[in-house]
1. For VAL57, are the conditions met, namely being open to solvent by less than 90 Å² (accessible area, probe 1.4 Å), within 17 Å of ALA239 (Cβ to Cβ) and not in a loop (DSSP other than H, G, I, E, B)?
2. Filter the stretch 321-333 for residues that are open to solvent by less than 50 Å² (accessible area, probe 1.4 Å) and in contact with a Gly (Cβ under 7 Å, 6 or more places away or on another chain) and give the result.
3. Just to be sure, is VAL208 touching a residue at least 40 places away in the same chain (Cβ under 8 Å) and not in a helix (DSSP H, G or I)?
4. Hey, can you tell me all the residues within the stretch 125-135 that are crowded, with 17+ Cβ neighbours inside 10 Å and more than 16 Å from the ligand (Cβ to nearest atom)?
5. Go through VAL276, VAL263, VAL331, VAL303 for me and flag whichever is part of a loop (DSSP other than H, G, I, E, B), over 17 Å from THR147 (Cα atoms), hydrophobic (A, V, I, L, M, F, W, C) and more than 16 Å from the ligand (Cβ to nearest atom).
6. May I ask you to say which residue of ASP358, ASP349 is under 20 Å from TYR103 (Cα atoms), out of contact with any Leu (no Cβ under 7 Å at 6 or more places or on another chain) and part of a helix (DSSP H, G or I)?
7. If ALA309 meets every condition in (1) assigned to a helix (DSSP H, G or I); (2) more than 13 Å from ILE374 (Cα to Cα); (3) modelled with pLDDT of 95 or more apart from one, which number is that one?
8. Could you say which residue among VAL229, VAL214 is assigned to a helix (DSSP H, G or I) and away from the ligand (no atom under 14 Å from the Cβ)?
Amino acid sequence: MKRRLGFSTRAVHGDPEARPDWAPVVVPLYQSATFTNPVGSSQEVIYARYGNNPNHVAIAKRLALLEGGEAALFVGSGMGAIALSHLAVLRPGDHLLSSEWIYGGVQRLFAQEFGRFGIDVSFVNPLEQRTWKRGLKKNTRAIFVETPTNPLIRVLDLEPIASLCKTEGLALVVDSTFATPLNYRPLEHGADVVIHSATKYLNGHSDVLAGAVVGSESVIEEVRKLLHVWGQALDPMAAWLIDRGMKTLAVRVGRQNQTALAVAQWCAEQPQFTAVHYPGLPSHADHDVATRILNGFGGMLGVELKGGARAAERFLRALTIATHAPSLGGVETLVSEPRLTSHAGLTPDARARAGIADGFLRFSIGLEDSDDIIADFAQALAQL
Ligand SMILES: *Cc1c(COP(=O)(O)O)cnc(C)c1O
């Protein structure tokens, strides 16, 4: 029997194959829209829009191996991956039951766009187990959740939701962008489809926009058919960069897990932070669940600064290492204010109900030395 390879080895090599002599060690960039086609062949052609050039194929195989899925497909953005995978699973007349704690763009896609295709979407609080069952309709076809959530980093236990999906015959679709396959693999916990904004940790260098879908051969085949006609293809150069980025996924995220924990522990001791949201801290509401189901607590961290929006602004201006920018999952520490980004569409009241105080800051911890990040925070706090 073939020995099962570890996560890091799979991240670098996928399923290693014997190489001929004088072959390139790295999959070269195939910056070609089209490929020669044997005369008389009825096989699918290779065409960059189909997501089937050698760069696309290499990263799709590796991601499927990392998530433990049969197949995967990369597309032009995380939003593209979410749109196509739902179009693959849902039909006009269907109902989608979604967590209400999801990425803002996805919320708008579901609430404002799906109606035109005759797809009805309703939202529930994902932490109340009974609301899932209560939210089901006769025509419910799928459940969508994001875990860990943004920006409170709540960690959902998928197993009860997956078992409801099984009894009711629903597809469970999970946005696992914050987790990465190193920290959590939803398919091992009953999910049917896993989605990533590969813009974030999978690529990991804040220089590419991409999305990915992982699942069974048949689901991925459906998504692929949609990709052909909806035109969300990933550029070959972006695929090549993701290929490079994914090789270091385990070391990057492993280090980000450690650094974020150290930074969170330090933040928890500072009186100017009235709350610190990190699942690795015993004070976090989901610490027990997170300890049980995650392999690492991740690189995302939320803090609440005493003094609200004004203090937050002064703190942000004083930072010298952490960069004020949206997005996450790169090598550089980024900080954003959910009040003005992901949750800008909400009234102050609705934001407070969602647990986002006005002094809330979200950090995506990078690969800098933890001492330097902490020193940067300390000098910024000292200026308040
Ligand atoms: C960024 C993000 C998305 C959207 O991804 P894009 O690559 O920007 O299209 C979706 N879900 C989550 C959780 C994200 O963080």
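1. Yes; evaluated as a whole, the condition is true for this residue.
2. GLY329, GLY330, VAL331, THR333, listed by residue number.
3. No: the conditions fail for VAL208.
4. Result: TRP132, GLY135.
5. The unique qualifying residue is VAL331.
6. ASP349 is the lone residue from the list that is under 20 Å from TYR103 (Cα atoms), out of contact with any Leu (no Cβ under 7 Å at 6 or more places or on another chain) and part of a helix (DSSP H, G or I).
7. Among (1) assigned to a helix (DSSP H, G or I); (2) more than 13 Å from ILE374 (Cα to Cα); (3) modelled with pLDDT of 95 or more, the lone unmet condition for ALA309 is (3).
8. VAL229
The values are calculated or read from the model by the stated rules, or taken from the named source; none is laboratory data. None of the values given here were measured: they were computed from a predicted structure. Here Cβ is always computed from backbone atoms with ideal geometry, including for glycine, and neighbour counts include all displayed protein chains. Protein only, heavy atoms only, side chains kept; ligands, DNA and RNA dropped before computing areas. Shrake-Rupley method; radii C 1.70, N 1.55, O 1.52, S 1.80 Å.
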